[in-house]
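Quick notes on the structure that follows.
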Amino acid sequence: MDELKNTAAQAAGAAVAAEDEVVTFKRPSQAKEIWRRFRKNRGSMIGLIILIIIFLLLIFAEFISPYEIAIKQIPENILAKPSAQHPFGCDAYGRDVLSRILHGGRVSLAIALIATMTSCIVGSTLGAIAGYFGKWIDSIIMRALDIFMSVPDILFTMTVVVALGANFVNLLIALTLAYFTNYVRLVRSQVLNLSEQEYVEAARAGGSGNARIILSHIIPNAMGVIIVNVTLNVAKIIIYESTLSFLGLGMPPPQPEWGLMLSEAREVMRKAPFLLFFPAAAIVICACCINLVGDGLRDALDPHLKS
Amino acid sequence: MSDIDRTAEPLLKTVDLQKYFKLKNGAMLHAVDGINMELWPGETIGVVGESGCGKSTLGRTILKLIEPTAGRIYFEGKDITDFKTAQMRKMRQDMQIIFQDPYSSIDPRKSVIEVIAEYMIIHKMFRTKAETYDQAAKYMDRVGLARRYANSYPHELDGGRRQRIGIARALSLNPKFIVCDEPVSALDVSIQAQILNLLMDLQDDMKLAYMFVTHDLSVVKHISDKIMVMYLGQCVELCESEELFKNPMHPYTDALLAAIPRPDITRRNMEFKLIKGEVSSPINVKPGCRFGARCEYCTEECLAADPPLKEVSPGHFCACIRAEELKAKLQADNEF
Amino acid sequence: MSDNITEVKEEVTTAAPLLSIKDLKVTYRTDLEVVEAVNDIYLEIGKGKTLGLVGETGAGKTTTALSILRLLPNRTGFIDKGEIFFDGESILDMTEHQMQHVRGNRISMVFQDPMTALNPVLTVGDQIAEAIKLHNPHLSAAEVDQKVEDTLQMVGILPQRKVEYPHQFSGGMKQRVVIAIALCCEPELLIADEPTTALDVTIQAQVLSMMRDLRDRLGTSMLLITHDLGIVAQTCDDVAVMYAGEIIESGTTKDIFLGGRHHPYTVGLFDSIPDLESKSARLNPIPGLMPDPTDLPPGCPFAPRCRECMDICREKRPETKLFGETHRIRCHKFDQDAAGTVVTDEPVEEEGGKQDE
């Protein structure tokens, strides 16, 4: 075998005469592989499709049913049952429920998504710093966290909203403060674990500084866990935000809002039980679908994490 | 091995290097306890010992990936013991490491070419990314990695290829000294041979000095010029490679050699010369020979004080006070 | 110097083997690919004998071991064809219930990594007791306790240590505990998958010595999976060399280490061991890598790396030839060699085997 004579080529493995033409060093997308795995999970795909439909409906809410309809009170329509003209019926003030669901959804989901993002960013940053630098920085952050977490969620958010007033931004602040603690512990433990990885040591051996290590090695590897948690938290925040508006701490009327609708429906429960159904169903469906997607994501990302 | 010029100053020198770890209960773990070594360009020192002997810690301490507790480290004459991170950064171009586990020492989220190029990017060796990647590809050629793997992820390759990535990465800064921390232990036998040959070729080409850490005596023989046997943080024997196998002087070395199962069925019924007991603890060590508890030749005197590392014959150092008298007995047992 | 080769083991016994595997084919199937892990192998282990199964990563050794115990992963591992007979009974035909009676009791397995094989929250004594109680439900608590102490003593651990937890033991001691658990019910066959690879060489010597003693005392047969030819030489009676899911050479230790004919892979394995005694500066590795088990080449799987490859090797799978009473080799090199006879294993379903076109 002539090929065996060239030891360097031997070392290269089976195909000695391999094409050496790789001209562009483009990194292949791992996203494709993750998507393929995700697709196999039927539950998650159903959840995803429903979510997409919901998002589309919400985005185009203005075209389906303008905002004015959501707030216009028509006395004749008070507690009207669902009909062709008002597919979801009308509430105690004669307002079209379908329209209110759509517009309410925009606010609910917008708040949920943004609050999730902000709490994730705040919490993750703190967690990463605590986990990576350790020692007294870690102690300070974790003890501050303990203090934060010793106050019951509801009490905390209520206080914030009452103090600052109820509007979009303040709600976001309140929710962020309530939920960022999740991420601190999570990311901290991820970072603690990843910091011990040998490839981090390898990066140090190459002269890499801390910032570079965190950004280039630790965060990308922790993303999988963070993403899954983010998805699952969105569902939680939707429910939580609905709770707030149920308690009257959410967006002020006449802004429709799912929790608020639930609260209003409670008062006329006997006369028009269907009013309870629609906002509740909306909340439940959204939360379920998001959870399904989150589960699927976790499974899709997991085998990769293991390798 | 190629001839080594030992007249010039050594490339690397350690004097009484120590690394102690303080444990939670206040006890001291003596990981590296007074190591003296010298290494010249193009030379390979094999550091052999079993788990817990401190050989990996020694490698990392020399590279200042772990801060030494005491002692001195000299690289090219410079005392780098107290260098801070910023100063060490420059030194990293000259001193590198190849890790044992090709699975955990490479970031699973980076492609092969990115892993190899990383160091060069950190040190801004080239102006553009393209040039850096180009050079990285050349290192792939050097270590025998087909270029078509450049965009693959490490988990798609087998252990041997992954280890080549690690080697290419270590070479990328053109170092003078590389700590090879059990680079072939995690690999199959036939791949081990390939990688060892590669390392030896690279050494010849690039005049590299290696500190080859391993627990496998048969591997170390081929690649080393001299060998240091470590036990519980201390050097128990140091001499030329051939000499160690011909005339092992320390009872521990002797036992190590005897414990290796030989692929030779004619010597099947010879009892393994078993060392009794387990490796003692490196925590809060008392004075006295640390191998004493397990040594069949141990005496009162052995346990009284730390046996010094003495030059028993030219170039052959041994930390056993009974080395001379046991010489004849050990030789007889090692008839190959 | 007296002849150190153990004479006893050379008797070719006509007694029925304890374990007999014929024509075994195992694949792993995922949605992406089919991994041909084990391809038509033939193995026999006699009562009281030790068979060394040698090969590199990916050769299919662990898969073979798991197949014997029917421990292949549920959704992806499939035994496509073949027979496995243990003491005259067909393993593949047993129900799960019957298998549970076999596992740990008649056939035991020791895995490679002692660090993860033990439950960290149970004491060592409890774990041994668990195994004993499982297979001897009629024993009283006191009897079980006694047996636990006996077992610990048997593997060289102080019986008082039965109340300690795994993390309080070193690697070598943990492996002894694992072996203790495996042997506590005095199985007829012990499968040890690289039992000493994770251990230091001096501890390995202790553990191997202990296993040899136990084996001699209890008369246990052993299937020792390893990549270390040194261990094989020192502890095994018979050897089977595995490559890419096939057993390319098998026989007694004498056949493999001293015989005149060998499969080129076996020769390559011996050559690539860094030998303490050789003086050469360069090693002789086998070039290339084992073939991808999802994409095995037609013909002999070793062909791409073989120094003696001929044209026929690339096209046709070689047949197994028997030389003497025990030495089997699967290589085209010996096609013309009249000293050997082609062996067709007891036909299970004749589809593989002879015709390979």
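The values are calculated or read from the model by the stated rules, or taken from the named source; none is laboratory data. What you see is a predicted model, and the numbers here were worked out from it, not measured in a lab. Here the Cβ positions follow ideal geometry from the backbone for every residue, glycine too, while neighbour counts run over all protein chains shown.
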Practice item. Among the candidates C:L269, C:L283, single out the residue that is within 9 Å of another protein chain (Cβ to nearest Cβ) and not in a loop (DSSP other than H, G, I, E, B). Key: C:L269
Check your understanding: Would a scan of the range C:30-52 turn up a residue that is at pLDDT 90 or above and in contact with a His (Cβ under 9 Å, 6 or more places away or on another chain)?
Key -> no
Check your understanding: On the given criteria, is A:R266 assigned to a helix (DSSP H, G or I), without any contact (Cβ under 8 Å) to a residue 12 or more places away in the chain, surrounded by fewer than 21 Cβ atoms within 10 Å (Cβ to Cβ) and not aromatic (F, W, Y)?
Key -> yes
Practice item. Please find, within the range B:159-197, the residue that is surrounded by the fewest Cβ atoms within 10 Å (Cβ to Cβ) out of those that are free of Cβ contacts under 8 Å to residues at least 12 places away in the same chain and out of contact with any His (no Cβ under 8 Å at 6 or more places or on another chain). Key: B:N197
Check your understanding: Restricting attention to the range B:1-17, which residues are part of a strand (DSSP E or B), surrounded by fewer than 18 Cβ atoms within 10 Å (Cβ to Cβ) and at negative phi?
Key -> B:V15
Practice item. Determine if the range B:304-321 includes at least one residue that is within 13 Å of chain C (Cβ to nearest Cβ), crowded, with 18+ Cβ neighbours inside 10 Å and touching a Lys or Arg at 6+ places or on another chain (Cβ under 9 Å). Key: no
**Study point:** Cβ-Cβ under 6 Å pairs, at least 6 apart or on other chains, the range B:277-293 side farther than 19 Å from C:D200 by Cβ, far side modelled with pLDDT under 80 and assigned to a loop (DSSP other than H, G, I, E, B)
**Key:** none
Review point. So which residues in the range C:298-330 are more than 24 Å from the chain's Cα centre (by Cα) and acidic (D, E), if there are any at all?
Key: C:E308, C:D311, C:E315
Practice item. Quickly run through the range C:298-310 and pick out the residues that are within 14 Å of chain B (Cβ to nearest Cβ) and out of contact with any strand residue (DSSP E or B) (no Cβ under 7 Å at 6 or more places or on another chain). Key: C:P304, C:R305, C:C306, C:R307
Practice item. Please verify whether the range A:131-146 includes one or more residues that are away from chain B (no Cβ under 14 Å), closer than 23 Å to A:G224 by Cβ, touching a Phe, Trp or Tyr at 6+ places or on another chain (Cβ under 9 Å) and of a type in the set (F, W, Y). Key: no
Review point. Can A:Y183 be described as out of contact with any helix residue (DSSP H, G or I) (no Cβ under 6 Å at 6 or more places or on another chain) and not hydrophobic (A, V, I, L, M, F, W, C)?
Key: no
Practice item. Confirm whether B:F245 is among the hydrophobic types (A, V, I, L, M, F, W, C) and within 12 Å of chain C (Cβ to nearest Cβ). Key: yes
Review point. Scanning for something surrounded by fewer than 17 Cβ atoms within 10 Å (Cβ to Cβ), part of a helix (DSSP H, G or I) and at pLDDT below 90, does the range B:31-53 turn up at least one residue?
Key: no
Exercise for review: Would you confirm whether any residue within the range A:131-146 is under 14 Å from A:L192 (Cα atoms), in a helix (DSSP H, G or I) and small (G, A, S)?
Suggested key: yes
Check your understanding: Which residue out of A:I111, A:I226, A:I213, A:I173 is touching a helix residue (DSSP H, G or I) at 6+ places or on another chain (Cβ under 7 Å), modelled with pLDDT under 90, under 30 Å from B:I116 (Cβ atoms) and not in a loop (DSSP other than H, G, I, E, B)?
Key -> A:I226
**Study point:** Lone qualifier among C:D295, C:D255, C:D275 - being within 7 Å of another protein chain (Cβ to nearest Cβ) and either within 22 Å of the chain's Cα centre (by Cα) or at pLDDT below 90 (or both)
**Key:** C:D275
Check your understanding: If B:K129 passes every condition in (1) over 20 Å from B:D101 (Cβ atoms); (2) touching a Pro at 6+ places or on another chain (Cβ under 7 Å); (3) not hydrophobic (A, V, I, L, M, F, W, C) but one, which one does it miss?
Key -> (2)
Study note, to complete from the structure: Scanning the range C:306-338 for residues that are β-branched (V, I, T) and modelled with pLDDT of 90 or more gives C:I329
Review point. What number of residues within the range B:208-238 are among the basic types (K, R) and at pLDDT 90 or above?
Key: 1
Study note, to complete from the structure: The lone condition B:M206 fails out of (1) within 12 Å of chain C (Cβ to nearest Cβ); (2) surrounded by fewer than 22 Cβ atoms within 10 Å (Cβ to Cβ); (3) touching a residue at least 24 places away in the same chain (Cβ under 8 Å) is (1)
Review point. Would a scan of the range B:133-144 turn up a residue that is free of Cβ contacts under 8 Å to residues at least 40 places away in the same chain, within 27 Å of C:Y243 (Cα to Cα) and within 12 Å of chain C (Cβ to nearest Cβ)?
Key: no
Check your understanding: Only one of these conditions is not met by A:E196: (1) farther than 14 Å from A:T118 by Cβ; (2) more than 12 Å from chain B (Cβ to nearest Cβ). Which number is it?
Key -> (2)
Exercise for review: Name the one entry in C:R70, C:R75 that is of a type in the set (K, R), in contact with a helix residue (DSSP H, G or I) (Cβ under 7 Å, 6 or more places away or on another chain), assigned to a loop (DSSP other than H, G, I, E, B) and surrounded by fewer than 21 Cβ atoms within 10 Å (Cβ to Cβ).
Suggested key: C:R70
Check your understanding: Which one is farthest from B:G59 (Cα to Cα), of the residues in the range B:162-192 that are more than 9 Å from every other protein chain (Cβ to nearest Cβ) and among the acidic types (D, E)?
Key -> B:E182
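Assess whether C:V232 counts as being touching a strand residue (DSSP E or B) at 6+ places or on another chain (Cβ under 7 Å), within 11 Å of chain B (Cβ to nearest Cβ) and not in a helix (DSSP H, G or I).
no
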Review point. Does the range B:71-86 contain any residue that is modelled with pLDDT of 90 or more, surrounded by 14 or more Cβ atoms within 10 Å (Cβ to Cβ) and closer than 13 Å to B:G233 by Cβ?
Key: yes
Check your understanding: In the range A:159-181, what residues are surrounded by fewer than 20 Cβ atoms within 10 Å (Cβ to Cβ) and within 21 Å of A:G105 (Cβ to Cβ)?
Key -> A:A166, A:N167, A:F168, A:V169, A:N170, A:L172
Exercise for review: Consider only pairs whose beta carbons are under 8 Å apart and that are at least six residues apart or on different chains; among these, list those whose first residue lies in the range B:81-101 and is facing chain A (nearest Cβ under 9 Å) and whose second residue is surrounded by fewer than 18 Cβ atoms within 10 Å (Cβ to Cβ) and of a type in the set (F, W, Y).
Suggested key: B:M91/B:F83
Practice item. May I ask you to list pairs of residues, at least six apart or on different chains, whose Cβ atoms are under 6 Å apart, with the first in the range C:82-110 being part of a helix (DSSP H, G or I) and the second being surrounded by 20 or more Cβ atoms within 10 Å (Cβ to Cβ)? Key: C:I91/C:I84; C:L92/C:I84
